[in-house]
Amino acid sequence: MPIQIDSTRLQQELQTLATITSIEQPAEGTAVTRIVFSPDDLRARAWLKALATAEGFLIREDAVGNTFIRWPGTDPTLPAVATGSHTDAIPHAGMYDGTVGVLGGLEALRALKRSGLQPRRSIELVMFTSEEPTRFGIGCIGSRLLSGTLDPTRADTLREANEPADTAQTLAAIREAACFQGTLASTVLPPNHYHAWIELHIEQGPLLEREQIPIGIVTSIAAPASYRFTITGLGGHAGALLMPDRRDALCAAAELILSIERHTLATGAIDTVATVGTCDVHPGAVNSVPSRVTLQLDIRDTDPTRRESVMQAVRRDIEDLRQRRKITITEELINADAPAQSSPHIIETLEQVCTEESIPYKKMVSRAYHDSLFMARIAPIAMLFIPCRNGVSHRPDEYAAPADIARGTHVLAAALAKLASE
Ligand code: GLV
Ligand code: MN
Ligand code: MN
Ligand code: MN
């Protein structure tokens, strides 16, 4: 029987998942905030597992909460074919980032089952823990761990990034409270665990929509890095502390942010991007001169050497800032990752599916990072992109059309079927 995607059900499930969120719905769209190990995240996990159980799929969870939903193949000893993404969402996010890959992946498995397929290799759906860096300051915690990229001991000592230092809890404490126990070393997957990996995701950029192409086949993923800067100056009374005596940490931070922007633009490359997305001001009172500021920087490039050259230029400006403003600036590296390349064989499989189904496609780079960046270290990977309206993502008005989601899910299912028969 042909593969038929139940688009109505998939849409209903995306809508249901979008209601598992901690914030009220603003006028500009469905806003979703689902922070890892929050009550909403735990509710979403339970709901997803119930859907998988209803299909008779097998479920395994590891010590960090990565969830593996398996449809056993006729030869379950062979390395499995896998797909998946994440369901956590940054504050005031939309409802499609990550969720399309998880619920689309689930629907792909169900559609293949309905088609009567008996896969030779097992097919697995993975829901990763904390793809988003919101809570612990570093993204892709689940996939970093299972690919052996993040040291398990360091992972357990990660602290909540947006809480005051004296109350921020560790990942170890928070995952245990969420009932994910055991050593994080046990999350590492053995070599050759997967035969192939494909992640379905909204593009999060405008190219597919602009060019009216319904499918993007990702050939590489850009290299992300992130840093935390702490700027310490001198606080005091906003009226009494005279301007010539000031060592205002926020003024120094402002210069630092603009230095980052200037050097990023100076590469002249469209692929170099940098964002300072958080700024924590201490003590945070209107009539108190800021004595300490913490900034989180996210910087990415398809070329990690160019990314590092921006950082070198910023560091030279930091030296100047230190002397001129008599403040201290410490730089903490959170992560500096290499780019990932997709597997020619999986790209070819996806191209074959699109050609067979007469679906136009385009090969492209992913500028956003994904768990696939780390899956690429342990398995042959590729990603499938679908268009999203105006290229918008990480915003409540993020939107992907039902027909595009269904088409992407269809291509995913057909590719999984091919790979599972190898
Ligand atoms: C992940 O959400 C990213 O920022 O690319
Ligand atoms: Mn995201
Ligand atoms: Mn995502
Ligand atoms: Mn992402």
*What angle do you read, to the nearest 10 degrees and between 0 and 90, between the alpha-carbon axis of helix 249-266 and the longest principal axis of the chain?*
50 degrees
*Taking 7 Å along the Cα-to-C-beta vector as the label spot, tell me the Ala285-Thr328 distance in nanometres, rounded to one decimal.*
2.4 nm
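State the extension gain, in nm to one decimal, for the chain segment bounded by Thr167 and Arg315, taking 0.36 nm per residue of separation less the distance between their alpha-carbons. Don't skip to the end; give the middle numbers.
Values: separation 148, 0.36 × 148 = 53.28 nm, distance 3.06 nm.
Difference between extended and current length: 50.2 nm.
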_Average Cα contact separation per residue, the range 225-336, under 8 Å, 6 or more apart, as relative contact order %_ = 44 percent
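Using unit Cβ charges (K, R positive; D, E negative) and no other charged atoms, how large, in debye to the nearest 20, is the dipole of the chain about its Cα centre? Display every interim value, and only then the final one.
Details: 40 positive and 51 negative charges, 67 e Å.
Dipole of the chain, to the nearest 20 debye: 320 debye.
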*Stretchable slack from Ala254 to Ile59, in nm (0.36 nm times residue separation minus alpha-carbon distance)*: 65.4 nm
*Lys/Arg +1, Asp/Glu -1 at C-beta; the range 225-336 dipole; positive extreme among Ile299, Cys279, Leu321*: Leu321
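Give, rounded to the nearest 20 debye, the magnitude of the charge dipole that the range 225-336 has about its Cα centre when Lys and Arg contribute +1 at Cβ and Asp and Glu contribute -1 at Cβ. Intermediate values should be presented prior to the final figure.
Numbers: 14 positive and 15 negative charges, 71 e Å.
Dipole about the Cα centre, nearest 20: 340 debye.
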_Rounded to 10°, Cα long-axis angle of helix 7-18 versus longest principal axis of the chain_ = 30 degrees
*Would you please give the FRET efficiency between Ala50 and Ile270, computed as 1/(1 + (r/R0)^6) with r the Cβ-Cβ distance and R0 = 51 Å, to the nearest 0.05?*
0.70
_Helix-derived mean residue ellipticity, 222 nm - over the chain, DSSP H n ≥ 4, -39500 (n - 2.57), to 500_ = -10500 deg cm²/dmol
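At a Förster radius of 60 Å, what calculated FRET efficiency corresponds to the Cβ-Cβ distance of Glu348 and Ala238, to the nearest 0.05?
Values: r = 64 Å, r/R0 = 1.06.
With R0 = 60 Å, the Cβ-Cβ based efficiency is 0.40.
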_Multiplying the sequence separation of Gln118 and Gln341 by 0.36 nm and subtracting their Cα-Cα distance, what value in nm do you get?_
77.2 nm
*asked:* Take Ser22 and Asp397, extend 7 Å from each Cα along the Cα→Cβ direction, and tell me the distance between the two endpoints in nm.
replied: 2.6 nm
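Computed from the coordinates by the stated procedures, all read-outs in this text should not be read as laboratory data. These numbers come from a predicted model, not from an experiment. Methodologically, a virtual Cβ is constructed for each residue, glycine included, from the backbone with ideal geometry; neighbour enumeration extends over all protein chains shown.
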